[in-house]
1. Counting just the residues of the stretch 86-105 that are in contact (Cβ under 8 Å) with a residue 24 or more places away in the chain and not in a helix (DSSP H, G or I), which one comes out nearest to residue 54 (Cα to Cα)?
2. When the stretch 107-128 is examined, which residues are found to be on the phi > 0 side of the Ramachandran plot and within 15 Å of the chain's Cα centre (by Cα)?
3. Check residue 23 against each of (1) outside any strand (DSSP E or B); (2) surrounded by 12 or more Cβ atoms within 10 Å (Cβ to Cβ); (3) in contact with a helix residue (DSSP H, G or I) (Cβ under 8 Å, 6 or more places away or on another chain) and name the one condition it does not meet.
4. Is it fair to say residue 84 is touching a helix residue (DSSP H, G or I) at 6+ places or on another chain (Cβ under 9 Å), closer than 30 Å to residue 26 by Cβ and not assigned by TED's automatic domain parsing to the domain that holds residue 12?
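The values are calculated or read from the model by the stated rules, or taken from the named source; none is laboratory data. Since the model is a prediction, treat every value here as computed from it, not as a measurement. Cβ placement follows ideal geometry from the backbone for every residue including glycine, while neighbour counts extend to all protein chains displayed.
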């Protein structure tokens, strides 16, 4: 008989299908988890990663000076650990950039020593 230690229900967001999956911690599985309900192998990978070390891409804005708009859209170039999102936002909210800025420009390098950069997702020219 299987010994279930921990179980979590979630919806897989890897593809548009949105499988309802159960991730079950198990002593009998090679990787320590069993995933049920996924229609593809990516669902298993997502479920295990989500339960062991969840990450998110952060999309937000920073202040920009000398531009047509007052806010510049930015995002992380890779996911950050979910538990660091609020700390990242504290750092991001302190930033003010000056136009011009191009899409992909690094606004904050290696935020919180995660190896992840905050990059511009829109170009903005300087107002003359």
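1. Here the residue is 95.
2. Listed by number, the residues that qualify are 110, 112, 115.
3. For residue 23, the exception is condition (1).
4. Taking the combined requirement at face value, the residue satisfies it.
Yes or no, residue by residue, for (1) at pLDDT 95 or above; (2) touching a helix residue (DSSP H, G or I) at 6+ places or on another chain (Cβ under 7 Å); (3) loosely packed, with under 15 Cβ neighbours inside 10 Å:
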{"site": "37", "(1), (2), (3)": "yes, no, no"}
{"site": "40", "(1), (2), (3)": "no, no, yes"}
{"site": "48", "(1), (2), (3)": "no, no, no"}
{"site": "51", "(1), (2), (3)": "no, no, no"}
{"site": "57", "(1), (2), (3)": "yes, no, yes"}
{"site": "66", "(1), (2), (3)": "yes, no, yes"}
{"site": "69", "(1), (2), (3)": "yes, no, yes"}
{"site": "75", "(1), (2), (3)": "yes, no, no"}
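Every residue, every condition in (1) more than 20 Å from the chain's Cα centre (by Cα); (2) over 29 Å from residue 121 (Cα atoms); (3) not in a loop (DSSP other than H, G, I, E, B), yes or no:
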| position | (1), (2), (3) |
| --- | --- |
| 18 | no, no, no |
| 29 | yes, yes, no |
| 44 | no, yes, yes |
| 47 | no, no, yes |
| 75 | no, no, yes |
| 84 | no, no, yes |
